[in-house]
Amino acid sequence: MLSTSFFRALAKSLHLPVALDPGPKEPQTPLALSAYLQVWARAPVVVQARPDFTATEPAATVGPVAASAQWRLVHFVRDARRLVVSGFLYHSQEATPEAWLHLPLDPCSELTAYARAPKLGDRGMERAAVGSSARAAEERGDRISAVSRLARLADAVRLPLAASRFAEMREACVSLRERAYELASRSRLTISEGRRRNPSYAEALRGLLAENASAALQLDSLRAVPALLLMAANARVLSAHASDAVRVHQTSMEDFIATPAAAASNSSSASAQRAFKAKASSLVSFVLNDEAPASVSRASAPRISSSRVEMIAETVTREAFAPTSTQQRSFAAARATIGEQDGHVGGTPSPRHAQPPRSALHTTSTMASDAERRRWSAQLSDGSALAAVLMHVNAILNL
C-alpha cells in the first residue's frame, strides 16, 4: 500500500495531477529509458508499474530527452528473499487476490523455454533475433522472446553460470509443479457437477502448501526468478543513467513495512511510526525538494517548506499504520486522486485494478510468524541455484 498512500498524499497535499501507468499484462519488449521519460513527461508525477528499462541505449540518446526536465526517479526495491516469501504468502491465500492465479499456468514456462530454445549463446541468440528478417522473427517469436528474456536479464545483471543455474532451477521447478498439480487435481475443489476441471495455479500452490510449505515456497520463488532479475537489471540501468538531469533514489520497501508486532504494541508502534515517518520525510524531500544539481540555480529549483514535507510524511505514516480494513477503503479512494495514464509504456495495459475482495489481504505481514519467516529465509540461503540468484540480486541492490 506504500506507493498508493505516498502518491495519494502528494496529490491531496499539493493538488498535483498524478498518473498511474499499470504497465502491460504480459512481459513486454524492453524499451530504452528515454522512451519511458517521453511518456512520463505527460504528468508531474507518474507511478510506473512493471517497467523494463533493459533495452540497450547509449547515454547520448538519453541525454536530450533527460535535459527536457529535472527528473526525480524513485525506484522501489525489496530484499529478494523477503520478496519471494511475501509473494508466496500473497499468492497462496484462500481468497485469491489476482485474476491470473485462477489460471492453470505453468510456473516453469520461462525456464523451460530457455532450456528448449536453440543454443547460440546468450548474446548470440539476442543478435540472431535482432538481425533476422521480420518474417523469420515472427516464425520464431515465442522461443526467441522467451529465451532472450532470461538470457537478456542474466546478461544485464551479469549472473555467473547462468545456463547451469537455469537448468538446475528448471529441474526443481518441473518436479514441484508436477506434484502441486497432482495434489490439486485430487481435490474436490476441482470437481464440479461430476466433471473434472483443470486446477488453477493458486489451487496447485495451496495443495503443495498443505503437504510441504517449504516446497510450495520454492515453487513460487522459482516462478518469480525472471521478475527478480528484472528488478536488479532495472536498478543497474537507472544507476548507469543517473545524472544531474536524471536523479535516482533507490528505496527499500523494507523501510516502509509496518510489522504486526509494532502495530500490536503501543510503545513499539510509536517507535516504528517515528522511524517510518523519518524515511517518508526523506523520500518526500527527494521528490519535491532535493537540492538543486550544480547545473541548476537554487533560485529556479522547485522548493516547498519543511513543514509541508512533514505534513505529507505524517499523512503517509497515518495511512500505513491504519487497520487493514481502513487501507482497503483507502484503495478505492486513491483511484479518485490517482488517475490512470492515457498512454502507457510498452504493450497492452493491465485492466484498471478493482477494489480487492474484503477477504483478500494486500499486506502479508500478519500471514506468518517471525520464526516462520526466518526459517524460510534460511531455506532460501541453502546453496542452491535459486539461493545463488537471490544472493546475486541482493548484491546488486546493496541489500
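Scan V65, V47, V77 and give me the residue that is within 16 Å of the chain's Cα centre (by Cα), farther than 25 Å from V389 by Cβ and in contact (Cβ under 8 Å) with a residue 12 or more places away in the chain.
From the options V65, V47, V77, the qualifying one is V47.
Would you tally the residues in segment 84-97 being over 14 Å from D220 (Cα atoms) and surrounded by 15 or more Cβ atoms within 10 Å (Cβ to Cβ)?
Going through segment 84-97 one residue at a time, the tally reaches 2.
Sort through A137, A129, A146, A172 and tell me the only one that's modelled with pLDDT of 70 or more and either surrounded by 14 or more Cβ atoms within 10 Å (Cβ to Cβ) or not in a loop (DSSP other than H, G, I, E, B) (or both).
A172 is the lone residue from the list that is modelled with pLDDT of 70 or more and either surrounded by 14 or more Cβ atoms within 10 Å (Cβ to Cβ) or not in a loop (DSSP other than H, G, I, E, B) (or both).
List the number of the failed condition for E182; all other conditions in (1) surrounded by fewer than 14 Cβ atoms within 10 Å (Cβ to Cβ); (2) within 28 Å of the chain's Cα centre (by Cα); (3) modelled with pLDDT of 65 or more hold.
Failed condition: (2).
Would you check if R236 is within 30 Å of V389 (Cβ to Cβ), touching a Lys or Arg at 6+ places or on another chain (Cβ under 7 Å) and at pLDDT 85 or above?
Taking the combined requirement at face value, the residue does not satisfy it.
The values are calculated or read from the model by the stated rules, or taken from the named source; none is laboratory data. Since the structure is predicted, the reported quantities are computational estimates derived from the model, not experimental observations. Cβ coordinates were reconstructed from backbone atoms using ideal geometry, including for glycine residues, and neighbour counts include every protein chain displayed.
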